[in-house]
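The structure appears below as structure tokens.
Throughout, read-outs are computed from the coordinates displayed, never taken from laboratory work. Computed from a predicted structure; not experimentally measured. Neighbour counts run over all protein chains shown; Cβ positions are idealised from the backbone, glycine included.
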Amino acid sequence: MHELSIAIGIVNIADKECKKSGKEKVELIELEIGTLSGIQLDSLEYVWEAAVKDTILEKSERKIHQIQAQAICLECELPYKLDHIYDGCPICNSYFRNIIKGQELRVKSLEVS
Amino acid sequence: MCGTCGCGSGDGSITIAKPKQEIKQYSHDHEHHHGEHHHHHKTVIDIEKDILQQNNVEAARNRGYFEAKNIFAINLVSSPGSGKTSILERTLKDLKEDLDFYVIEGDQQTFNDANRIDALDIPVVQINTGKGCHLESNMIYDAVKQLQPKDNSILMIENVGNLVCPSMFDLGEKKRVVILSITEGEDKPIKYPDMFLSSDICIINKIDLLPHLNFDIEKLKEYALRVNHHLEFFEVSATTGQGMENWYSWLKTQMAEAELNNS
């Protein structure tokens with residue numbers, strides 16, 4: 001259950017950034033999570049409440065932008081959508097590819113007041 | 001105990017210690033915020049910050065230290081029972097005259113693994129993560145301070161037996177080695193792809209059992225390469241020693257290359 005570590009990491013970033021801005025309250029936190037980031041969204045959901053309790057994010061709204069994973073085939077250079085890490089190129093069936101999107105795990109923005 | 005998430009409570013707390021050493025409690029970094037807030041104008045701040053940034057920064061600090069001292073750090077990951085500790089023990093026994101080893105053991109509970117390493121007269125620190133399912137860079141930082149590894153040595157970090165969570169946490173290692181035993185099923189790499197994607201080396205253990213099992217090693221490799229075409233394989237048996245020579249010569253080559261780069 002590494003999602004708890006992740007959630008605590010999110011709280012720490014929000015706390016630091018909010019203080020830096022001189023504001024006191026986080027109204028909204030926006031996250032960007034790639035489909036290959038290694039985070040299970042329902043697990044994050046499960047630990048969220050416990051992780052944010054008594055913190056700056058306790059009453060904040062949370063928005064998650066999921067980023068669809070994409071690879072580029074190293075044989076035929078086709079960019080393609082990855083549903084699984086082990087998906088090969090749909091045209092030439094090669095498994096030689098670079099993952100170009102989908103491993104993001106970021107705090108995108110905070111709305112503070 | 002942290003009243004917020006229960007972390008650091010009772011037997012869930014983290015300890016880092018050498019065998020037979022007094023145990024120091026370890027508290028983790030967890031910021032809390034209390035009190036009333038006043039309403040002001042809303043502002044949107046663009047942050048674009050990696051959530052794992054803190055771990056990554058601490059991993060970079062470890063990596064810098066290892067590079068400066070020419071310490072070759074290896075992060076050993078696998079599911080429980082694949083033979084991480086047995087491979088480690090055999091490697092240490094066979095190579096301790098040729099190379100300087102240091103070991104960090106990660107488990108939720110017990111000093112059992114550290115005691116096995118300690119019995120070989122290899123300096124070792126045990127990290128008990130309590131309820132934690134993986135090692136993080138700050139634990140390695142503290143463990144390394146206790147270990148005081150010499151220059152030009154090998155640091156073996158045995159992660160918590162778990163094929164999921166440790167994949168996301170860089171510890172500052174030079175190479176990540178995933179161990180899989182042939183009693184586990186050929187499709188593990190595609191069932192738990194994150195770990196295979198983030199590893200450099202795949203050791204296939206327990207090959208002495210091959211005659212008794214219906215296991216297709218080529219199929220396993222094919223699956224693993226679908227996930228990560230950079231993976232290098234070693235087929236070994238920590239029990240009989242079969243195939244261990246290839247793994248040893250890889251280790252020696254890595255050390256020789258590192259010394260060459262640093263000279």
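Some notes on this structure:
- Lys, Arg +1 and Asp, Glu -1 on Cβ, resulting dipole of the protein assembly as shown about Cα centre, debye, nearest 20: 420
- Residues whose placed amide H lies under 5 Å from that of A:R62, excluding near-sequence neighbours: A:I29
- Neighbours of A:D87, meaning other residues whose beta-carbon lies under 12 angstrom from its beta-carbon, give a summed charge of +2 when Lys and Arg score +1 and Asp and Glu score -1.
- Computed [θ] at 222 nm, deg cm²/dmol, the protein assembly as shown (DSSP H ≥ 4; -39,500 (n - 2.57); rounded to nearest 500): -9500 deg cm²/dmol
- Residue-count net charge about B:T91 - beta-carbon cut-off 12 Å; Lys, Arg +1, Asp, Glu -1: 0
- Computed on segment B:53-255, with alpha-carbon pairs under 8 angstrom and 6+ residues apart, the relative contact order is 25 percent.
- Potential lengthening between B:D187 and B:V57 on full extension [0.36 nm per residue; Cα-Cα distance subtracted]: 43.4 nm
- Per-residue Cβ neighbour counts within 10 Å put B:K131, A:K59 in the sequence A:K59, B:K131, beginning with the fewest.
- Inter-centroid distance (Cα atoms) of segment B:68-87 relative to segment A:75-103, Å: 30
- For chain A, relative contact order (Cα pairs under 8 Å, six or more residues apart, normalised by length) works out to 37 percent.
- Whole-number Å³ per residue for the convex hull built on Cα positions in chain A: 100
- Cβ-based exposure ranking for B:L260, B:L120, in which fewest neighbours within 10 Å come first: B:L260, B:L120
- Counting only other chain Cβ atoms within 10 Å of each residue's Cβ, the peptide B:50-59 averages 5.
- Shown in residue order for segment A:66-75 are the 3J(HN,Hα) couplings computed by the Karplus curve 6.51 cos²θ - 1.76 cosθ + 1.60 at θ = phi - 60°: 8, 10, 5, 5, 9, 10, 10, 5, 7, 8 Hz (x for Gly and Pro).
- Mean partner shielding of peptide A:47-54, defined as the number of other chain Cβ atoms within 10 Å of each residue Cβ, is 3.
- Listed values for segment B:149-154 are Karplus-derived 3J(HN,Hα) couplings in whole Hz (6.51 cos²θ - 1.76 cosθ + 1.60, θ = phi - 60°), namely x, 6, 4, 6, 10, 10, and x replaces Gly and Pro.
- Put simply, the amide H of B:F72, placed in the peptide plane, has neighbours under 5 Å in B:S153, B:I154, B:L155, leaving out anything fewer than 5 places away on its chain.
- Per-residue mean of C-beta atoms belonging to partner chains within 10 Å, peptide A:99-107: 3
- Cα-derived Rg to Rh of the protein assembly as shown, Kirkwood definition: 0.99
- Using θ = phi - 60° in the Karplus curve 6.51 cos²θ - 1.76 cosθ + 1.60, the 3J(HN,Hα) couplings for segment B:193-198 round to x, 4, 5, 6, 5, 8 Hz; x is entered for Gly and Pro.
- Placed amide H near B:E235: partners under 5 Å, 5+ positions off or other chain: B:I204
- Estimated distance in nm for a label pair at B:N152 and B:N112, the labels positioned 7 Å out from Cα along Cα-to-Cβ: 3.8
- Exposure proxy order (Cβ contacts within 10 Å, fewest to most) of B:I201, B:I104, B:I182: B:I201, B:I182, B:I104
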